[in-house]
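The values are calculated or read from the model by the stated rules, or taken from the named source; none is laboratory data. Since this is a predicted model, take the numbers as computed values, not measurements. Please note: Cβ atoms are built from the backbone with ideal geometry, for glycine as well, and neighbour counts cover all protein chains shown. Only protein heavy atoms, including side chains, enter the accessible area calculation; ligands, DNA and RNA are left aside. Shrake-Rupley method; radii C 1.70, N 1.55, O 1.52, S 1.80 Å.
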Amino acid sequence: MQPSIQHLVREFHVACDLDAPARPAPVSPELAAHRQELLHEEVQELAEAAASGDLEHIAHELADVVYIAYGTAVVHGIDLDAVIREIHRANMSKPGPDGRPARRSDGKVLKGDAYQPPDVAAVLRAQGWAPGGHG
Ligand SMILES: [Mg+2]
């Protein structure tokens with residue numbers, strides 16, 4: 001089995017001497033702002049790629065956005081794979097009992113009566129997060 005994306009991005013951070021704490025923890029305002037700038041740059045590049053319609057460019061910039069997002073998780077000590085699994089679990093509860101999702105006029109899938117929201121705090125606690133304690 002190939003290593004997870006989380007594993008790969010953490011490997012990059014360790015190789016480049018970037019922050020990669022072992023458990024969830026807050027970061028400095030400077031680092032938080034830096035991460036936002038990096039993500040913003042990649043989202044802008046993705047917008048340009050999307051407008052161009054060039055599939056290679058779109059794929060590259062999509063991957064850059066996701067890689068940076070994972071990197072931001074890494075600097076916060078968050079295992080994003082586990083958080084994404086929890087979001088997926090919640091999303092899969094969106095369809096109603098008939099198995100059919102309700103949709104907004106633009107096609108977005110809406111939350112049905114059976115919807116179970118994600119418990120991100122529980123996922124972070126399982127990773128060693130101590131809210132109110134050491135972060
Ligand atoms: Mg890029």
| task | Spot the failing condition for ASP81; the list is (1) assigned to a loop (DSSP other than H, G, I, E, B); (2) in contact with a Phe, Trp or Tyr (Cβ under 9 Å, 6 or more places away or on another chain), and only one is missed. | result | (1)
| task | Report, ordered by the first and then the second residue, all pairs with beta carbons closer than 9 Å, sequence separation of six or more or different chains, a first member in the stretch 52-74 that is free of Cβ contacts under 8 Å to residues at least 40 places away in the same chain, and a second member that is surrounded by 20 or more Cβ atoms within 10 Å (Cβ to Cβ) and not in a helix (DSSP H, G or I). | result | THR72/ILE78
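Here is a yes/no grid of residues against (1) of a type in the set (S, T, N, Q); (2) surrounded by 10 or more Cβ atoms within 10 Å (Cβ to Cβ); (3) within 24 Å of TYR67 (Cα to Cα); (4) touching a residue at least 24 places away in the same chain (Cβ under 8 Å):
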site: ALA90; (1), (2), (3), (4): no, yes, yes, yes
site: ASP106; (1), (2), (3), (4): no, no, no, no
site: GLY112; (1), (2), (3), (4): no, yes, no, no
site: ARG125; (1), (2), (3), (4): no, yes, yes, no
| request: Go through GLN36, GLN116 for me and flag whichever is part of a loop (DSSP other than H, G, I, E, B) and open to solvent by 60 Å² or more (accessible area, probe 1.4 Å). | output: GLN116
| query | Of (1) in a helix (DSSP H, G or I); (2) assigned by TED's automatic domain parsing to the domain that holds ASP113, SER93 satisfies all except one. Which? | reply | (1)
